[in-house]
Amino acid sequence: MSAESNPPDPAKGRSRREPRGKHSRALLVTAWTAAAIVVLGGSGLGYVYFKLNGNIESVDINQVLGTDRPTNVDNGSKDILVLGSDTRSGANKKLGGGTDDGSARSDTAMIVHVYEGHKKASVVSIPRDTLVDRPRCTDSRGVTHDAASGVMFNSAYATGGAVCAVKTVESLTGIRMDHYIEVDFTGFRKLVDELGGVEVTTTKDIKDSDSHLNLKAGTHRLNGEQALGLVRTRHGVGDGSDLGRIQLQQAFVKALVDQIRDVGVLTNPKELFDLADAATKAVTTDSDLGSVRSLTSFATGFKSISSANMTMITMPVEYDPANRNRVIVDKEKARLVWKALKNDRPIPAAATKGTAKGDAAGVVG
């Protein structure tokens, strides 16, 4: 998530705890979703089913998009679009900083491909500053938005919400998204706090007043607000780019996945409920995942995936020659990524060789 949130200008284009044991491993495909999926997938919450079920918000993306979508390939794999939204309204105003202009943007975007057998996953981060062609789309309220060329990727969510974000990703990749998961500032903070914080080690000082973050080099157990600052900072470390922030986000996700795998046994019913309550309030999903039962089934399929079995890359991009604050898709190399995922194959090393990457690799471990 970003410490900057200047609205895009389309016209200008610019477990906690899983049961114990070596095999009790859960995947959370992003920092925030991890908590929700692990808790719901491994902890047997039938006694509070109706309470938790009422917490979950969902969007019927399949019905709105209809049949004008890539072919749904049934090969045992799953593709999930995970977004972090940076609305500046309500409780998010204090956490996010910036201006409350009544809008929301997709500040973090990841395509998570879970391979057949559900033992490995590839995660492809899409830079919010990527210039793309946004397709014509109809949002969940029935409002149709015209196509636009050369606009920032995060303008899709700002323009038409979850439905237009999914439509844009499918147009960009040619891959049908099986599911959609979204979380905002407040939900992210609460999930990390309910987990008891997340331990990371930084190799450099990180200081960014915009994202409220001040960490000395060393090992830290980050609370929710600090974790939010880390995954949003772009000025506190590296070259100040969106690409550097993505490197920090990916390192944090791996740290969280490992912690959820190792934290131990959840024995306190109140702690279990508090974590599940926070998790289900935090996420917005597609309608197919819009219940505790569906989330439980979804989660238990991924219990064998640990961070060691996750490949994380940034979508192949180059800096825009006309504006170094923007990036453009390296189409030839991106095609290698999408072809690999469509065929349920590993992403080849050639797909990211020589692409723009930022300057924050290794800062968080």
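Of everything in region 187-207, what is hydroxyl-bearing (Ser, Thr, Tyr) and either open to solvent by less than 20 Å² (accessible area, probe 1.4 Å) or in contact with an Asp or Glu (Cβ under 8 Å, 6 or more places away or on another chain) (or both)? Give them in sequence order. Steps first, please.
First, pick out the residues of region 187-207 that are hydroxyl-bearing (Ser, Thr, Tyr): 201-203.
Across region 187-207, the qualifying residue is only Thr202.
Looking at Ala349, Ala322, which one is out of contact with any Cys (no Cβ under 9 Å at 6 or more places or on another chain), surrounded by fewer than 17 Cβ atoms within 10 Å (Cβ to Cβ) and modelled with pLDDT under 95? Break it down into steps so the answer makes sense when it comes.
On the way: Ala349 fails: modelled with pLDDT under 95.
Result: Ala322 is the single residue among Ala349, Ala322 that is out of contact with any Cys (no Cβ under 9 Å at 6 or more places or on another chain), surrounded by fewer than 17 Cβ atoms within 10 Å (Cβ to Cβ) and modelled with pLDDT under 95.
Applying the set (1) modelled with pLDDT of 95 or more; (2) more than 21 Å from the chain's Cα centre (by Cα) to Phe153 leaves exactly one unmet item: (2). Scan region 225-261 for residues that are buried (at least 23 other Cβ atoms within 10 Å of the Cβ) and outside any helix (DSSP H, G or I) and jot them down. Across region 225-261, the qualifying residues are Thr233, Arg234, Gly236, Val237. Here Ser304 clears all of (1) polar (S, T, N, Q); (2) out of contact with any His (no Cβ under 7 Å at 6 or more places or on another chain); (3) open to solvent by 30 Å² or more (accessible area, probe 1.4 Å) except the condition numbered (2). Summed over region 125-164, residues that are among the β-branched types (Val, Ile, Thr) and either surrounded by 24 or more Cβ atoms within 10 Å (Cβ to Cβ) or in a helix (DSSP H, G or I) (or both) total 4.
Checking each residue in region 165-186 for being open to solvent by 30 Å² or more (accessible area, probe 1.4 Å) and within 14 Å of the chain's Cα centre (by Cα) picks out only Asp184.
Say whether the condition of being of a type in the set (Asp, Glu) and not in a helix (DSSP H, G or I) is met by at least one residue in region 185-194.
No, because not a single residue in region 185-194 is of a type in the set (Asp, Glu) and not in a helix (DSSP H, G or I).
The values are calculated or read from the model by the stated rules, or taken from the named source; none is laboratory data. This structure is a prediction, so every number in the text was calculated from the model and none was measured. Positions of Cβ are backbone-derived with ideal geometry, glycine not excepted, and every protein chain shown enters the neighbour counts. Remember, those area values only see protein heavy atoms, side chains included, never the ligands or the DNA or RNA. Shrake-Rupley method; radii C 1.70, N 1.55, O 1.52, S 1.80 Å.
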